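A quick write-up on the structure given underneath.
FYI, it's all coordinate maths here, none of it is from the lab. Fair warning: this is a prediction, and the values are worked out from it, not measured in the lab. Cβ: placed from backbone, ideal geometry, glycine included. Neighbour counts: every protein chain shown.
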Amino acid sequence: MPRTREGAKQIFGMIRGAFPDHDAQVIHVVAEGDLVATYKTFTGTHEGEFMGVPPTGRRATIRVMDFVRYGDGKIVEHWSVTRVGLARRQAPRATSATNCAASVGEVATRTPAASSASFLA
């Protein structure tokens, strides 16, 4: 998925399609200088396919930590850690340290400054 405004629209479209009753809640916001960190949750009923997992009809929570650095009023850098509760419940047990994060549905990403500047600009 592209790390652009269009990519963000695709991600949120995927969430809305899989969890039509989803609710987003910002838990924490911390800002220092040009860096802003947020911790938030998206909770909803799993009614559509999500990341290859067929609908279960169960409530699920996606937890997200974002770190965003701003420059000249635009995003210049973005890091994200995402934990998908649905994947954690359905995934097989981890068999090694290297696949542990994937088996619990955790994804960490870092967006390069060049592409994230236009991400939400």
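Tabulated results
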| item | result |
| --- | --- |
| Long-range amide H partners of Thr61 with built H, under 5 Å | Gly85, Leu86 |
| Virtual spin-label span in nm between Phe12 and Gln25, 7 Å along Cα→Cβ | 2.0 |
| Relative exposure of Glu77, Glu32, Glu6, judged by other C-beta atoms within 10 Å (fewest first) | Glu32, Glu6, Glu77 |
| Rel. contact order, % - alpha carbon contacts under 8 angstrom, at least six apart, region 6-82 | 24 |
| Label-point separation in nm, Thr4 to Arg59, each point 7 Å along Cα→Cβ | 3.8 |
